[in-house]
Amino acid sequence: MALLRSEKPIAVDEENPYWMSFSDVMSGLLVIFILASVILILQLMELQEQAEKERERLQEQVVEVEEEISMLRKAEEVRRNILTEAADILQKRGIQVEVSENSTVLRIPNQLLGFDTGANEIGRQYQDIAYEIGEVLHQLISKEDRSSYLDTVFVEGHTDSRPFYGKLCGSKGNWCLSTFRAISLWQFWEQALPERGKLGDLENGDNKTLFSVSGYAETRPVIKNQKTESDFSKNRRIDIRFTIRRPSSEDYEKVRSKVDLTQ
């Protein structure tokens, strides 16, 4: 009698070991794909965060550039207002000064100060006019903290083209004479103006003395071809030159680099 054999079922994987290997490979690839996707998502999130920070940085730089430009425009406006207001106030008092050179200079003609040829002192009959000019300047510069927008206010002396060889200056001639004219007006202001109205107490935005004195001899004439006594007289004058606080070359470079980055 033949014995019946019961055969043990054979698993599919055991029948086909290649199928088991393929499944393992696919599972591994799936895991790798999931990990790669997670890494990619994290990288994209990081790039997005960096891009957002870069946009914020550029926006801050644009704001800084706009603020610097606005500050420069404000300084130019302050200077222009001081000069035009000074000319208007003095004109109402019968004192005819001039605003010249693109609203940067308040020109005091010789007939208001009375500098004769070779003379550097303000005549007594002109001191009241000189006083009022100094008084108005202090009033307008100290108004609304305007001095913080200015760098320097120069009291500039000028001469006519005729050479000067007086004892006061010797061989230094017109350079010395023009400087002494500016010094003469400045010293008068410092002596005559009241304590609370002294121009020497005004400071710029860097807390440095605002006013300074300089002389230009005959190098910056109002009338170049001087022939008549009127021509000579117009060149003997005092200019009050207002310079504003401007960015340094380094500041300009920073602004330019910021503008390049925003384009």
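Cβ-Cβ distances below 6 Å connect the following pairs, each with a first residue in the stretch 233-259 that is under 30 Å from Leu113 (Cα atoms), a second residue that is surrounded by 19 or more Cβ atoms within 10 Å (Cβ to Cβ) and modelled with pLDDT under 90, and a separation of six or more residues or different chains: Arg236/Phe115. When the residues of the stretch 86-110 are filtered to those that are surrounded by 15 or more Cβ atoms within 10 Å (Cβ to Cβ) and out of contact with any strand residue (DSSP E or B) (no Cβ under 8 Å at 6 or more places or on another chain), the one that is nearest to Asp231 (Cα to Cα) is Asn110. The strands (runs of 3 or more DSSP E) falling completely within the stretch 80-193 that include 2 or more residues that are over 20 Å from Glu218 (Cα atoms) and not polar (S, T, N, Q) map to 150-157. Taking the numbered list (1) in contact with a Ser or Thr (Cβ under 8 Å, 6 or more places away or on another chain); (2) more than 25 Å from Gln125 (Cα to Cα); (3) free of Cβ contacts under 8 Å to residues at least 40 places away in the same chain in turn, Thr152 passes all entries but (3).
With respect to (1) out of contact with any Ser or Thr (no Cβ under 6 Å at 6 or more places or on another chain); (2) surrounded by 17 or more Cβ atoms within 10 Å (Cβ to Cβ); (3) at pLDDT 95 or above, the lone exception for Cys169 is condition (3). Picking from residues in the stretch 1-58 that are in contact with a helix residue (DSSP H, G or I) (Cβ under 8 Å, 6 or more places away or on another chain) and of a type outside the set (Asp, Glu), the one that is modelled with the lowest pLDDT is Val12. Residue check: Arg79 meets all listed conditions (1) in contact with a Phe, Trp or Tyr (Cβ under 8 Å, 6 or more places away or on another chain); (2) surrounded by fewer than 16 Cβ atoms within 10 Å (Cβ to Cβ) but one, namely (2).
Would you mention how many residues in the stretch 224-263 are part of a loop (DSSP other than H, G, I, E, B), at pLDDT 90 or above and either at positive phi or touching a helix residue (DSSP H, G or I) at 6+ places or on another chain (Cβ under 8 Å) (or both)? Here the count works out to 4. A residue that is within 23 Å of Gly118 (Cβ to Cβ), touching a residue at least 24 places away in the same chain (Cβ under 8 Å) and of a type in the set (A, V, I, L, M) cannot be found anywhere in the stretch 191-202.
The values are calculated or read from the model by the stated rules, or taken from the named source; none is laboratory data. Quick caveat: nothing in here was measured; it's all calculated off a predicted structure. Backbone-built Cβ (ideal geometry, glycine too); neighbour counts: all protein chains shown.
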